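The values are calculated or read from the model by the stated rules, or taken from the named source; none is laboratory data. As the structure is a computational prediction, the values presented were derived from the model and not from experiment. Every residue, glycine as well, gets a Cβ built from its backbone with ideal geometry; the counts of neighbours run over all protein chains shown. The area values use the complete protein model at the heavy-atom level, side chains included, leaving out ligands, DNA and RNA. Shrake-Rupley method; radii C 1.70, N 1.55, O 1.52, S 1.80 Å.
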Amino acid sequence: MKKVLALILAIAMIASVAMLTGCGENSGEGNEVEVNTDDAKTYIIYSDNAFAPFEYLDTETNTYVGVDMDLMAAIAEDQGISYEMHNEGFDASMGAVQSGQADAMIAGMTITDERKETFDFSDAYFDDGQVIVAKAGTTLEDLNGKTVAAKTSTVGGEYAESIKDEYGFTINYYEGSDNMYQAVLTGTDVACVEDFSVIGYAIKSGEVDLEIVSEEPANVKGYGFAVQKGKNPELIEKFNAGLANIKASGKYDEILAKYGY
Ligand code: GLN
């Protein structure tokens, strides 16, 4: 009996609040009932800034475009993820996630066992490996006694470290892929190490007049979306669910096709 009374009282209270708040045009700010429609947080996501076709500045629209940008947007739409994208460079993205300044990164980032010690990764969404790139006519023998460009914090840098003694070169590190290509084009370095599909895209589009010197891409592995280890596990779950959905719907293929895959 008491319970019923309490219930009636509660209903009456709600009804009177509703009447008060909804009672007409003159009630001003009072009729603005705060409905909590979106309690999801806005995730801060970092990315590279010169890594076409995955992320690069479209100078016509002055926005960052690319496979990663489109995948993230499609997955976010599918999963109701709210996010802010910051295209700051690869090393900066790694640092931002590790320091907690960013919630996640999507930057053509290779999933490696070593990185798994400090990052949690989504399922792989693309496979790639590294190649050595130089001016036309350069051979691997030409690297001897010279400097080779690599990008800070990348697996390309690790690959360069792993073969430098065999080929007799030393390594110069650069923050951006664009700086690295420039160093080879101007002759500062004899070659550079880059992800196959990225340099392939740059060569095909005519943007850089270089060619691939090594035969096969080395260390082919998946690219993944990453968070700091143990943090934002829900975001990895949502990314994976969204990725599966856009693969099933054909949206994933559509995005890759847009960038020539
Ligand atoms: N795939 C490479 C890595 O993970 C390069 C990524 C990049 O330069 N954006 O190290």
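What the table below lists for this structure:
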item	result
Selection within the range 45-76 - assigned to a loop (DSSP other than H, G, I, E, B), under 17 Å from Ser93 (Cβ atoms) and polar (S, T, N, Q)	Asn49
Single residue of the range 79-91 satisfying the filter (farther than 21 Å from Ile199 by Cβ and surrounded by 15 or more Cβ atoms within 10 Å (Cβ to Cβ)) that is nearest to the ligand (Cβ to nearest atom)	Glu88
Positions within the range 96-111 being out of contact with any Asp or Glu (no Cβ under 8 Å at 6 or more places or on another chain), within 22 Å of Met69 (Cα to Cα) and either without any contact (Cβ under 8 Å) to a residue 24 or more places away in the chain or in a loop (DSSP other than H, G, I, E, B) (or both), in sequence order	Gly100, Gln101, Ala102, Asp103, Met109, Ile111
Some residue of the range 101-113 being open to solvent by 10 Å² or more (accessible area, probe 1.4 Å), on the phi < 0 side of the Ramachandran plot and more than 16 Å from the ligand (Cβ to nearest atom)	yes
Helices (runs of 4 or more DSSP H) lying entirely in the range 142-206 (those with 3 or more residues that are under 16 Å from Glu55 (Cα atoms) and open to solvent by less than 20 Å² (accessible area, probe 1.4 Å))	196-204
Residue within the range 160-167 that is within 20 Å of Tyr56 (Cβ to Cβ), of a type outside the set (D, E, K, R) and modelled with pLDDT of 95 or more present	no
Checklist (1) more than 16 Å from Gly108 (Cβ to Cβ); (2) polar (S, T, N, Q); (3) near the ligand (Cβ under 10 Å from one of its atoms) applied to Thr139, failing item	(3)
Condition broken by Ser205, with the remaining ones in (1) without any contact (Cβ under 8 Å) to a residue 12 or more places away in the chain; (2) under 23 Å from Asn87 (Cα atoms) satisfied	(1)
